[in-house]
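The values are calculated or read from the model by the stated rules, or taken from the named source; none is laboratory data. Quantities reported herein were computed from a predicted structural model and do not represent experimental measurements. Counting neighbours? That spans all protein chains shown, and the Cβs are built from the backbone with ideal geometry, glycine included. For the accessible areas, the whole protein counts, side chains as well, though only heavy atoms, and no ligand, DNA or RNA atoms are used. Shrake-Rupley method; radii C 1.70, N 1.55, O 1.52, S 1.80 Å.
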Amino acid sequence: MDYFLELFFGGLTRGSIYALIALGYTMVYGIVQLINFAHGEIYMIGAFTALIVASVLTFYGVNTVAILILASIVAVIYSSAYGFTVEKIAYKPLRNAPRLSPLISAIGMSIFLQNYVLLAQTSDFLPFPRLIPQFHFMEPVSHIFSSAELVIVVTTMVAMVLLTLFIKFTNLGKAMRATAQDKTMALLIGIDVDRVISATFIIGSSLAALGGVLIASHIGQINFYIGFIAGIKAFTAAVLGGIGSIPGAVLGALILGWTESFATGYVSSDYEDVFAFALLVLILIFRPAGLLGKAETKKV
Amino acid sequence: MENVIQVNGLTMDFGGLRAVDSVDLYVKDKEIVALIGPNGAGKTTFFNCITGIYTPTKGDILVRSTKSQPVRINGFKPNRVTERGLARTFQNIRLFQNMTVLENAMIGKHCRLNAKILGALFRDKKTKAEELKAAQECWEILKKMGLENQCDELACNLPYGDQRKLEIARALATEPRLLLLDEPAAGMNPHETEELTHLIRKIRDEENIAILLIEHDMKLVMNLSERIYVMDHGQKIADGTPMDIRNNPEVIKAYLGEEIDA
C-alpha cells in the first residue's frame, strides 16, 4: 500500500509540473491555433535563470526559502520576457501566413533557444540546489510524500485556481475568451488582440518558468535539453486533455503523470515513455479531440 | 448638425476586381441612413472598409469623435476604429457563443475600460469599481433590449431574434457614435422585423447615436431611414429620401432590370 501511495503522489507531482507547462501550450493554441514548440525552452530558461539567481544569493548567504521565492520571481519575469519576445519575433509576422509557417518558425525558435543556452552556458548537467525546505510535519509520511512534492502540488493548485479565476472573472480574461472564439469580432468590438495574445504568452511563460524552478529544485540538476522532453510530455498532456481546453490540460497532465509513475513503479522505468505515448495513441484513436476537447463541427 | 462620418471617394480593389468604386457617403448626427442595393453590390465590403477589416485602396474615411476634429481612419486596426466610436453587427450572427449574455455585453465595454494587466491581476479597488460600473451599464443596455432576464444564459441558447438583439446590445456597449447594422432583419419574420424597427428607432432616440444600416427588407428601410444610398456593381447609383429613391428610374433598373421597349 505504501508503495502504491508513493507512486500515486509521485505521479501527482509529475502531473502537476506537466500541467503547469501544458497550460501554456493549450492557452496559446486556444488563442492563435499555434503549437508553440518553443514553450519547453521557456521552461528550461526559467530553470537556468533560477539557478543563476540562486547561486548568487547562496554566495551572499541568503536563507533558502527566500532564495526559492526570489529565484522564482526573477525566473518568472525573465521567462515572460522571453515568451513575449518570441511571439513578437517568430509568430506575429506570420499571423496571416498558412498554418504550417508559424509551426516551422516555432520549431526553429526551439532549436535556436536550446543552442543559445548550450553556447552561453554549458552542455553539462548542472547541479541545482535543493531549495524546497523539509517540513517537520511531513516527516511521518515523508517516505511516500516528500515536502518538495507537497510544495509542488500545492503551488500548482494555487496557480490553477488563480488562473481559472483570472480567465473567468477579469476583463482581460474575458477578452482572452472572446479572442479565442472569434478574433475578427473581438477586434471589431474594440479588443486589442495583439495585447491579448502578448498577455497569453506572458501568462503561459510564467507558469512554465514556475514549473521549471520547482522541478529543478526537486530533481536537483538541469541542462539545456530538459525543455525538449518536458515540452513533448506537456504537449502530449495538452492533446490528451483536448488542446485548447484549460481543465483538459490539467486532467491530461495528471493522467499522464500517473501513467508514467505507475508504469515505472510496477513495470520498469524503461517503459515510462512507452506507456505515456501509447496512452496518447489510444486516446487519439478513440477520442481524437482529446478527453475534454470538443469535436470540431465544420460548417459547410 | 455635424457629420459623424464622411466618406470621400472610397475605392476597394481585390486584384483586378473593383468591389467598391469611389463611393461618397456621409451620416449626420442622430440620423438613420440605409445603404441598399442588389446582392454583390459591395455594401458589406464598404462596411468592412470603414470598420478597418480591409484597408481601402483609395479614398478618405473621416470620423468625428465627441469633440475633436475629424480623424482620417484609413488603415486603422478594427479595435482602434471601435475606440473612435464606430460599432457594427454582422449579417450572420457572430456572438461569443460560449459566454453568457452579460459577458457578451461586458466584452463590448472592454475598450472603454482603463484597467491594465496589473489591475486585472491584483484586483485593486479602482479596477473593481470600474468593472462594477461597466456591469451596471451593460445591464441597463440589456434591459433596453429586453434581455435583462437572460443575463446568465449562454448566448448560444438564446432564440434567434434575441441573439440579434444581443449583437446590437454588445455593439452599443462599446459606446458608439455611429452604429453600423449589416442586415439586422435577416431571417426574421414580419412580426420580429416590426419589433426591430421600433427598437432601432428607440436606440437612436434614447442613445443619441447615428445609425447606418444595410438591409434588404424594403418595408423596414422605407419606414425607418431618413436618407437612403443605393449601390450597384460597387458604385453609388442614387441617394436621397425614401420617396426619391422609390421613384428613381436608376434604382428600379438595378433591382428589376431594364424595361424592354416593345
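Structure notes:
- Residues being in a helix (DSSP H, G or I) and under 12 Å from B:Gln97 (Cα atoms) - total across segment B:143-161: 3
- Residue match in segment B:187-195 (condition: assigned by TED's automatic domain parsing to the domain that holds B:Val4 and within 25 Å of B:Ala19 (Cα to Cα)): no
- Residue in segment A:227-246 that is at negative phi, hydroxyl-bearing (Ser, Thr, Tyr), under 12 Å from the mean Cα position of the chain (by Cα) and open to solvent by less than 10 Å² (accessible area, probe 1.4 Å) present: yes
- Scanning segment B:7-63 for residues that are open to solvent by less than 10 Å² (accessible area, probe 1.4 Å) and in a strand (DSSP E or B) yields a total of 14.
- Count of segment A:177-195 residues which are touching a residue at least 60 places away in the same chain (Cβ under 8 Å) and either hydroxyl-bearing (Ser, Thr, Tyr) or surrounded by 24 or more Cβ atoms within 10 Å (Cβ to Cβ) (or both): 1
- Residue-level check: of (1) without any contact (Cβ under 8 Å) to a residue 40 or more places away in the chain; (2) surrounded by fewer than 24 Cβ atoms within 10 Å (Cβ to Cβ), A:Asn223 misses just (1).
- Residues in segment A:108-124 that are open to solvent by 50 Å² or more (accessible area, probe 1.4 Å), in contact (Cβ under 8 Å) with a residue 60 or more places away in the chain and closer than 19 Å to A:Val53 by Cβ: A:Gln121 alone.
- Test: A:Ile189 is modelled with pLDDT of 90 or more and within 14 Å of chain B (Cβ to nearest Cβ): no
- Cβ pairs under 7 Å, 6+ apart, first in segment B:75-94 and of a type in the set (Gly, Ala, Ser) and part of a loop (DSSP other than H, G, I, E, B), second at pLDDT 85 or above and crowded, with 21+ Cβ neighbours inside 10 Å: B:Gly85/B:Val63; B:Gly85/B:Pro176; B:Gly85/B:Arg177; B:Gly85/B:Leu178
- When A:Leu172, A:Leu214, A:Leu210, A:Leu150 are checked against the criterion of being within 11 Å of chain B (Cβ to nearest Cβ), among the hydrophobic types (A, V, I, L, M, F, W, C) and part of a helix (DSSP H, G or I), a single residue qualifies: A:Leu172.
- For first residues located in segment A:80-100 and under 14 Å from A:Gln33 (Cα atoms), partners that are of a type in the set (Phe, Trp, Tyr) and open to solvent by less than 50 Å² (accessible area, probe 1.4 Å) and lie 6+ apart or on another chain with Cβ distances below 8 Å form the pairs A:Glu87/A:Phe201.
- All of (1) at the interface with chain B (Cβ under 9 Å from one of its Cβ atoms); (2) surrounded by fewer than 20 Cβ atoms within 10 Å (Cβ to Cβ) hold for A:Val161 with one exception: (1).
- Only residues that are more than 19 Å from A:Gly212 (Cα to Cα) and either crowded, with 22+ Cβ neighbours inside 10 Å or touching a helix residue (DSSP H, G or I) at 6+ places or on another chain (Cβ under 6 Å) (or both) were counted across segment A:77-94, and they come to 4.
- Of all the numbered requirements in (1) away from every other protein chain (no Cβ under 13 Å); (2) within 20 Å of the chain's Cα centre (by Cα), A:Ile203 misses one, and that requirement is (1).
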